[in-house]
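What follows is a single structure, written as structure tokens, with notes after it.
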Amino acid sequence: MPKTASTPAPRIEQVQSLVRALGILNRLATADEGVTLTELSQQVGLSASTAHRLLTTLEQERYVHFDGERRLWSVGVQAFVSGNAFLKTRSLLGAARPHMRALMEESEETVNLAVEDQYEAIYLSQVECRQMMRAFARPGGRVPLHCSSVGKALLSAMPDSALAKVLHQRGLPKLTVKTIHTTATLRTDLAATRARGYAIDDEEHAVGLRCIAALIFNENQDPIAAVSVSGPMARIADARIPLLGELVRSRADAITAQLGGRRPEAPPLDSAGAVTRRRALHGGPRPHSVISGIS
């Protein structure tokens, strides 16, 4: 057989070594106290000699660390440096857009992405629905925190000191007859938001408009944005709110996961706040109109 027939073998071996080395790194990432060579080789399915050869190579590049006194291997500083680059390059908008489009298809309502800025919610992006009657908000548009679903979602994760600062700076201006305008009522609403996992704007920002929002979190369980669905009351009836709330929260969690984030543990819902499935998800008339004041 010609010599060239055997030339791919070294390349295959190199790829196999890379896969094995990554398997070792992944296993070490789950070991808080470090792992012995014997334990590690058994857990990744390699001989001790093969595992040691890969570990020493990774150690030279500082991807793993060896504690000589305890004879334990652990993740090295270079693995942190490389992983930390993900935090610098990840894009909230890039991660969110596919899920926003999917949420629009699932809910058949307009989807929005917003962050907090200077005690207001500012819109970063919107995916318009195909309904003739739909809500509209331009990127860069701002809404108050206390009367928008994205804003109330963001407020619900704030500590009392931060909430007090927002209220001092912005107050509770009343935009509609349903706008929350007392601190006690707002705190009650935010407690309900935390319990069910999503916020509701029931014509509090614009007459005839309902919005539902859930939070997106980073790796430290800090809220970094909110995603919402918005539509007219003609379509978002009371029975549909829990179903949309589940969809929004699910997509917010998916964006959180894609960004490497984690949602904080929520308190259990009582029977009064439990989410129930009622009626169909879609429905309602579709007259031709565009509603501004989305939240």
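The values are calculated or read from the model by the stated rules, or taken from the named source; none is laboratory data. Everything quoted here is computed from the prediction, not taken from an experiment. FYI the Cβ positions are ideal-geometry reconstructions off the backbone, even for glycines, and counts take in every protein chain you see. Accessible surface areas use protein heavy atoms only, side chains included; no ligands, DNA or RNA. Shrake-Rupley method; radii C 1.70, N 1.55, O 1.52, S 1.80 Å.
At-a-glance table
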{"item": "Whole-number percent relative contact order across the range 14-139, with pairs defined as alpha carbons under 8 Å at least 6 apart", "result": "15 percent"}
{"item": "Lys/Arg +1, Asp/Glu -1 at C-beta; the range 193-244 dipole; positive extreme among F217, G197, P232", "result": "P232"}
{"item": "Apportionment of accessible area to carbon and sulfur, the range 138-204, percent (1.4 Å)", "result": "56 percent"}
{"item": "Charged-residue dipole, Cβ positions (Lys, Arg, Asp, Glu), the range 57-179 about Cα centre, Debye nearest 20", "result": "420 debye"}
{"item": "Volume in Å³ per residue [convex hull over Cα atoms, computed for the range 175-259]", "result": "99 Å³"}
{"item": "Cα-derived Rg over Rh, computed across the range 23-147 with Rh taken as Kirkwood radius", "result": "1.28"}
{"item": "Dimensionless Rg/Rh of the range 163-213 - Kirkwood Rh, Rg from C-alpha atoms", "result": "0.96"}
{"item": "Distance from the range 48-86 to the range 103-117 (C-alpha centre basis), Å", "result": "42 Å"}
{"item": "Accessible surface, the range 23-114, averaged per residue in Å² (probe 1.4 Å)", "result": "55 Å²"}
{"item": "Local electrostatic count at L103 - Lys and Arg +1, Asp and Glu -1, tallied over other residues with Cβ under 13 Å", "result": "-3"}
{"item": "Calculated SAXS-style log₁₀ I(q)/I(0) at q = 0.11, 0.20, 0.25 Å⁻¹ - the range 95-192, Debye, Cα scatterers", "result": "-0.37, -1.02, -1.27"}
{"item": "The range 98-171 - percent relative contact order, Cα under 8 Å, separation 6 or more", "result": "24 percent"}
{"item": "Relative contact order for the range 87-221, counting Cα pairs under 8 Å that sit 6 or more residues apart, in percent", "result": "18 percent"}
